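Structure first, then comments.
The values are calculated or read from the model by the stated rules, or taken from the named source; none is laboratory data. All of these numbers come straight from a predicted model, not from anything done at the bench. Here Cβ is always computed from backbone atoms with ideal geometry, including for glycine, and neighbour counts include all displayed protein chains. Just so you know, the surface numbers come from the protein's heavy atoms only, side chains and all, with ligands and any DNA or RNA stripped out. Shrake-Rupley method; radii C 1.70, N 1.55, O 1.52, S 1.80 Å.
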Amino acid sequence: MSDARTADLCRRLDLDSETVHAIATATAHSDLPWYMHVLTGIGAWFAATAMILTVGAAIFPALDESSLPLTAATFGAVVATVSAITHRSHKQAFAVQLAVAGALAGQGLLAGGMGWQFESVTVAAVLAGSTTTLFIVLIKDQLLQFLASTATLCLIQAALIGHDMPQAGGLLAAPALAGALTLLIRPLGPQDLRGLAYALLLIPVAAQSVLGVGGLSADWLARATYAIGLIAMLWLLWHDATPGRRALVAVAGAAALLLGAVIAAGMLASLLLLTLAYTLGNRMLASLGVAATVWFLGQFYYDLELDLLQKSGMLVGAGLLLLALWWHWHRQSATEPGHA
């Protein structure tokens, strides 16, 4: 928006120039159809990859092999810094997407190079965490928050496994879950940190399956962590429910805790996702919760040493219980005052 138009809007609407600029920028971005945002993002990722590979191809062959890790780390730090500056100084969609792609590439080169140099996943995890913190402070972008945090959490999990931690899944899940619930239910300050919260929620859930602790042998710390989180969410639901619905919340909660305790930590995590999605009205979390529930139920189904009839009976019983709870909940809604 030109300075003359900005001044005219300020005068007519009695707004300061920063507010008018923010409104104009948001309006310009919202005018783009969704597929243009997708195409812009894909183009930016390809452009960032091409530039980094071109520079790398020109620099790395001329170097001694022993200096490659530090060179990659230095190059990554430069790319991440330039990307952060680009993101803060440009508002165009392509420039923003290019900055996000470059920031993630810089994080990978920096963390990977230093981890390679010291032959330590722990060093890589520390560097990835440090860059993620800087990105969250300097670059206000949910996608970057999510992807950078995801890389950090994966490296932390790998470091825990590398140190032969017997409760690796739970050691990651406990602090991550507390942070995620805090950011989603009671956000800290005006900054939108949902991207970070989603990473904190989902990576430990995925680890319950990838690490082989999602079946019947799930560790006790992960079970306890997700059970406590589920109880906290159920308490919030019970507290906000009408008196006629509180008994139903208690029954559903007891059934969910029993199901999760019998199956695995991953199942408790999936039920927590579904409960949190209902509480927040978040469709993305609901979809992820459904997918995770189906996955862990299927995993449990094949792990059970029962015949097909017994397994099928368990699934039918669980389905009937869910249908009964759903029917009773909607029946309560229909009888409440003010229901249309």
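Values as computed for the structure displayed
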| quantity | calculated |
| --- | --- |
| Electrostatic dipole magnitude of segment 103-228 [Cβ: Lys, Arg +1; Asp, Glu -1; Cα centre; debye, to 20] | 300 |
| Heavy-atom accessible area ranking, 1.4 Å probe, most first, across Y198, Y278, Y226 | Y278, Y198, Y226 |
| Accessible area of segment 42-143 belonging to carbon and sulfur atoms, whole % at 1.4 Å probe | 73 |
| Label point at W116 placed 7 Å out along Cα→Cβ; residues across segment 147-184 whose backbone nitrogen lies under 20 Å | 151-152, 154-156, 158-159 |
| Theoretical FRET efficiency, 1/(1+(r/R0)^6), r = Cβ-Cβ of L143 and L70, R0 35 Å, to 0.05 | 0.75 |
| Protein-only accessible surface order, largest first, of R186, R245 at 1.4 Å | R186, R245 |
| Length gained when the stretch T81-T182 is fully extended (0.36 nm per residue, less Cα-Cα span) | 33.4 nm |
